[in-house]
Amino acid sequence: MVTPKSGPKPAIVWFRRDLRLADNPALAAAARSGAVVPVFILDPADMPGGASAWWLHGSLAALAADLARLGAPLVLRRGDPARLIPAIAREAGARAVFWNRLYDPAIIARDKALKASLAADDFEVESFAASLLAEPWEVRTGGGTPFKVFTPFWRALSARAPLPAPLPAPKRLTGLAGIASENLDTWNLRPARPDWAGGLRAAWTPGEKSAAKRLAAFLDGTVRAYGAARNIPAIDATSRLSPHLHWGEISPRQIGSSAEAAAIAHPEAASGVAAFLRELGWRDFAHHLTFHWPEITTENWKSEFDAFPWAGDEAAFRRWTRGETGYPIVDAGMRELWTTGFMHNRVRMIAASFLVKHLLVDWRRGAAWFEDTLVDADLAVNRTSWQWVAGSGADAAPYFRIFNPVLQGEKFDPEGAYVRAHLPELAALDARYIHKPWAAPSEALAKAGIALGSNYPHPMVDHAKARARALAAYAEIRQSG
């Protein structure tokens, strides 16, 4: 056991998806009490998908450097937190264990059991609110029940404003030498053979400093046009903070407080800030739903969809994952996802709708693919959003609202700039046909170097027929229910 030479016993700070120094109440509590032992545990039972694992490596490297600079090296271990946290606490001679709360159903159960176990062994143990604008149990209807519809939820959440001021980052930490740590590089979170992460490296820089810079740049200019421009995938009109937020490199309170300040300082940005904060509220709503109804992550919210006749077409699913559906706006989104670990939110809705409604593939298959390929793969947001698109979820879009991928492309990418950026095989095609290349005259295709069925596929389904099939399947479950 390693113990400090003098002073109070140290405190363990268990980092999870709060990989930052600022506005970190668990870290602040430990710093107030004396020596700090920062710990991150890679739990094999809770491994992130490939793209998120790539991000995690970079985020941990940045956090480790920041903690070392302040005087408290980060301890890395692999294994079951229920075993390792008490073991590290005993090894360090710690008196307390602190962490910030997470709300995934399995994590809640694990944390409750660990907290009870630590308390039984006479450790001081405390968890803190740091991941949402409000705790899931704090926002209730007038009747005291959880919300099921977003708009009244957001009204109630907004009424809690202004947000408390974020906590500053500690200027200095007292660390503890001699605690064994694993080497981050041996965790193999980043691909090597083959190294498929070139697009991720080009698009992203994980870490708290990068998150702060991205927020500042967004609020300094982009947010002014956010309300309308956020639906145009070809332009950089969104914050792109979601992966930083997922890994806790920046907190919702930091984002919300900075956004509120920007709206006051620049009244012309107020409407854009309001639209942006509403999107931040949707994240809270997703966690609110999964906290009160944890089965929403795996089961249809609306039980009538349990009888839905999913096609289970594996070949169709694989074509969708590769961006080979023959519908350019869908394929561009799937290629963007594969290359950068990200997809524009409007295109996420279009691509998800296509899988569920045009191909009749179960929304859970799509959700799992997103979780493996997104750098911002948040369980609650991803699963509730997929159910929203599928029509099976809380406050969901009606199932009969079936996006026409051609019309969606023409509306939100009228010149085809987004498609050209991610489908170079269509880059030379006239904008009139960019979202429906099968309708282009043969001479226009030849001029653009396109051979349908060769270097770009024919549409895998006819929209009108696919729509009719989806509506018939929906009518079938409505009648049987």
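The values are calculated or read from the model by the stated rules, or taken from the named source; none is laboratory data. Computed from a prediction, not measured in an experiment: that's the story for all the values here. Cβ atoms come from the backbone with ideal geometry, glycine included; neighbour counts cover every protein chain shown.
For the reader, a short list of remarks on this structure follows.
- A single member of Ala159, Ala119, Ala197, Ala192 is loosely packed, with under 12 Cβ neighbours inside 10 Å, of a type in the set (Gly, Ala, Ser) and outside the structural domain of Trp282 (by TED's automatic domain parsing), and it is Ala192.
- Residues being over 23 Å from the mean Cα position of the chain (by Cα) and among the β-branched types (Val, Ile, Thr) - total across region 387-403: 1
- Elements of type helices (runs of 4 or more DSSP H) contained in region 318-384, each with 2 or more residues being on the phi > 0 side of the Ramachandran plot: none
- When Ala468 is tested against (1) exposed (fewer than 15 other Cβ atoms within 10 Å of the Cβ); (2) under 23 Å from Arg230 (Cα atoms), just one condition goes unmet, and that condition is (2).
- Any hit, region 267-282, residues being among the β-branched types (Val, Ile, Thr) and over 23 Å from Leu167 (Cα atoms): no
- Boolean, Ser52 is surrounded by fewer than 20 Cβ atoms within 10 Å (Cβ to Cβ) and among the hydroxyl-bearing types (Ser, Thr, Tyr): no
- Conditions (1) more than 30 Å from Phe305 (Cα to Cα); (2) touching a helix residue (DSSP H, G or I) at 6+ places or on another chain (Cβ under 7 Å); number of the one not met by Val461: (1)
- At least 1 residues being within 29 Å of the chain's Cα centre (by Cα) and over 19 Å from Lys357 (Cα atoms) is the threshold, and among the helices (runs of 4 or more DSSP H) wholly inside region 404-481 those reaching it are 405-412, 417-422.
- When Glu304 is tested against (1) assigned to a helix (DSSP H, G or I); (2) at pLDDT 95 or above, just one condition goes unmet, and that condition is (2).
- The residues listed here are Tyr474, Tyr433; of these, the one that is outside the structural domain of Phe147 (by TED's automatic domain parsing) and in contact (Cβ under 8 Å) with a residue 24 or more places away in the chain is Tyr474.
- Checked against (1) in the same structural domain as Ala367 (by TED's automatic domain parsing); (2) touching a residue at least 12 places away in the same chain (Cβ under 8 Å), Thr297 passes all but a single condition, namely (1).
- Residues that are over 23 Å from Ala156 (Cα atoms) and not hydroxyl-bearing (Ser, Thr, Tyr) were ranked within region 270-304; the one that is surrounded by the most Cβ atoms within 10 Å (Cβ to Cβ) is Asn300.
- Ser117 being among the polar types (S, T, N, Q), closer than 23 Å to Thr174 by Cα and over 18 Å from the mean Cα position of the chain (by Cα): no
- Within region 190-200, considering residues that are in contact with a Gly (Cβ under 9 Å, 6 or more places away or on another chain) and not small (Gly, Ala, Ser), the one nearest to Leu60 (Cα to Cα): Arg190
- Picking from residues in region 362-378 that are surrounded by 21 or more Cβ atoms within 10 Å (Cβ to Cβ) and aliphatic (A, V, I, L, M), the one that is farthest from Pro48 (Cα to Cα) is Ala367.
- Yes/no for Asp104 being buried (at least 16 other Cβ atoms within 10 Å of the Cβ), touching a helix residue (DSSP H, G or I) at 6+ places or on another chain (Cβ under 7 Å) and of a type outside the set (S, T, N, Q): yes
- For region 314-345, residues that are in contact (Cβ under 8 Å) with a residue 12 or more places away in the chain and out of contact with any helix residue (DSSP H, G or I) (no Cβ under 9 Å at 6 or more places or on another chain) total 1.
- Any hit, region 124-136, residues being over 30 Å from Gly393 (Cβ atoms) and of a type outside the set (Asp, Glu): yes
For (1) hydrophobic (A, V, I, L, M, F, W, C); (2) within 22 Å of the chain's Cα centre (by Cα), each residue gets a yes or a no:
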position: Gly142; (1), (2): no, no
position: Pro170; (1), (2): no, no
position: Leu173; (1), (2): yes, no
position: Pro194; (1), (2): no, no
position: Ser210; (1), (2): no, yes
position: Leu219; (1), (2): yes, yes
position: Arg230; (1), (2): no, yes
